[in-house]
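Worksheet: the structure to be examined is printed underneath.
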Amino acid sequence: MSNRPIITGIMACDLMGAIGKNNKLPWNSEEELEHFRKTTIDNVMIMGYQTFTSMPERALENRQNIVFSRTARIQIKENIVFVSSLQEFLSLINDYKDQKCFMIGGAQIVNLFLANNLITEFILTKFKRTYGGDVFFPLHLLENWSYIIISEHTDFIIYKYLNPG
Ligand SMILES: NC(=O)c1ccc[n+]([C@@H]2O[C@H](COP(=O)([O-])OP(=O)(O)OC[C@H]3O[C@@H](n4cnc5c(N)ncnc54)[C@H](OP(=O)(O)O)[C@@H]3O)[C@@H](O)[C@H]2O)c1
């Protein structure tokens, strides 16, 4: 991973690994959103186009957003840039090496990043119950990673997983 950019994953899933339902989060948790907002604000967020369309405008403010889309998309705001492939992303990400970069999902993009060993550490919230969903986190891909608990809350636990590579 020596020449690789340092990218932190940050996502949340339920007990079964569900991360989304009907292009929304399956749960309604201000507390978890606040953790996400506080951790990512003023930093770089990397996401897939479906996640981009699901986010409220204020979630994208005060941070640089890099959005994966194979469809040609025109930059609509100064803080939003589109990339159409992993190769294009890797040539761009060096421009942000002085900032903290967060890969925030969804399922297609987390699979892409984990399959290409691009995540250094993963901050993963696990809700304590199931909510049902139509997109899932690939929990099996973190099986060999060590982890610590960052904090425990009434509805969820926040873990930090470390890439063994
Ligand atoms: N719980 C969480 O932490 C969390 C976090 C994020 C999202 N979510 C949820 O996850 C769901 C969305 O996830 P998703 O898997 O459906 O979509 P996604 O990963 O957010 O975005 C998928 C899109 O990314 C683009 N893409 C994928 N691979 C690409 C590649 N190799 N190169 C260029 N572009 C690529 C394509 O966009 P085009 O179609 O434009 O080509 C594709 O449709 C929603 O329900 C959302 O609420 C949950």
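The values are calculated or read from the model by the stated rules, or taken from the named source; none is laboratory data. This one's a predicted model, so the numbers in the text were calculated from it and none came from an experiment. Cβ: placed from backbone, ideal geometry, glycine included. Neighbour counts: every protein chain shown. Just the protein is used for accessible areas: all its heavy atoms, side chains included, with ligands, DNA and RNA removed. Shrake-Rupley method; radii C 1.70, N 1.55, O 1.52, S 1.80 Å.
Quick rundown of the values:
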| quantity | calculated |
| --- | --- |
| Meets criteria (closer than 19 Å to ILE119 by Cα and over 12 Å from the mean Cα position of the chain (by Cα)) for PRO5 | yes |
| VAL135 in contact with a helix residue (DSSP H, G or I) (Cβ under 6 Å, 6 or more places away or on another chain) and open to solvent by 20 Å² or more (accessible area, probe 1.4 Å) | yes |
| LEU92 being more than 17 Å from the chain's Cα centre (by Cα) and within 15 Å of the ligand (Cβ to nearest atom) | yes |
| Neighbours by Cβ (under 7 Å, 6+ apart or cross-chain): first from the range 48-59, among the hydrophobic types (A, V, I, L, M, F, W, C); second not in a loop (DSSP other than H, G, I, E, B) | PHE52/VAL67 |
| Test: residue in the range 8-16 that is hydroxyl-bearing (Ser, Thr, Tyr), within 17 Å of ILE119 (Cα to Cα) and modelled with pLDDT of 95 or more | yes |
| Pair list, Cβ under 7 Å, 6 or more apart: the range 128-154 residue within 23 Å of THR51 (Cβ to Cβ), other residue away from the ligand (no atom under 16 Å from the Cβ) | TRP145/LEU162; TRP145/ASN163; TRP145/PRO164 |
| Residue list for the range 94-113, filter: touching a residue at least 60 places away in the same chain (Cβ under 8 Å) and among the aliphatic types (A, V, I, L, M) | MET103, ILE104, ALA107, ILE109, VAL110 |
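Yes or no, residue by residue, for (1) under 19 Å from LYS38 (Cα atoms); (2) part of a helix (DSSP H, G or I):
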{"site": "VAL110", "(1), (2)": "no, yes"}
{"site": "LYS126", "(1), (2)": "yes, no"}
{"site": "GLY132", "(1), (2)": "no, no"}
{"site": "ILE149", "(1), (2)": "yes, no"}
